[in-house]
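All remarks here apply to the structure that follows.
The values are calculated or read from the model by the stated rules, or taken from the named source; none is laboratory data. Keep in mind it's a predicted model, so treat the numbers as computed, not measured. Methodologically, a virtual Cβ is constructed for each residue, glycine included, from the backbone with ideal geometry; neighbour enumeration extends over all protein chains shown.
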Amino acid sequence: MENDSELMTTASMKQLSQLSTYIASSEKEIGYSVDFTKPYIEIRSAFLQRSLHPLSQAVQLSEKHQGISYEKGSSEFLKYTECYTKMLESEYKFAEQIMGNEQRRAAAIKGSIIPATIEYIAAGKQLNAVAKRLNYTETTFVFDIIEKYDRECMLYLEDLAQIVPLNDIQDMVNSFKLTVLRNFYEFMEDIRGRKEVNPQINLSSDGTVHEMTSNVSFFFFFFGICSVT
């Protein structure tokens, strides 16, 4: 993304902007306007999807998000989310520079981000499906994802949603939040002691920390980190 941004600030960017301005104003000279929205979408959508695809693969292959050994901030999906948001921001600025017509610009942005957005949402849904199959002590990466979105991405995406629809992204984030609610329910059930699971918890005679005590400490420790950072 950085290389692309640098490329578009060179003489080529000026030429594209000048060409776009000329085409947009050519209606008076040639009698009709030229709409290059379709080729713009075809070229940019392929480029954006190709640029972000390695991040999608990294999320699928990574095992960092699983287990109680997960370290805060290590989920590959966090990097994916950050790069995806920056991609949207860069694409909007790029389209704004070379397309003067607001309606065509909105259509171009919408079309260019669709493939990359579909792949991003698919990766998020797949990760959430993984979280649903794990014990609550192994799903702390979900807190990271929600925190990342709420603190760094939500405001910008909400503003951009006024131009292009991004409802599917919010639905994906909401599904992560539902997983967290489910985790809280399971956590509280374990605290209260489910009869069918823990009919009686006896104190260890050798001083070993009970698994439930360990889970409580870990869960609140990680939740506390997410709350204050």
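Worth a mention:
- Subset of segment 170-191 that is surrounded by 14 or more Cβ atoms within 10 Å (Cβ to Cβ) and aliphatic (A, V, I, L, M) - its residue that is farthest from Tyr80 (Cα to Cα): Val180
- Arg133, sole failed condition from (1) at pLDDT 85 or above; (2) more than 15 Å from Thr85 (Cα to Cα); (3) touching a Ser or Thr at 6+ places or on another chain (Cβ under 7 Å): (3)
- The residues listed here are Lys86, Lys132; of these, the one that is exposed (fewer than 15 other Cβ atoms within 10 Å of the Cβ) and either in contact with a helix residue (DSSP H, G or I) (Cβ under 6 Å, 6 or more places away or on another chain) or basic (Lys, Arg) (or both) is Lys132.
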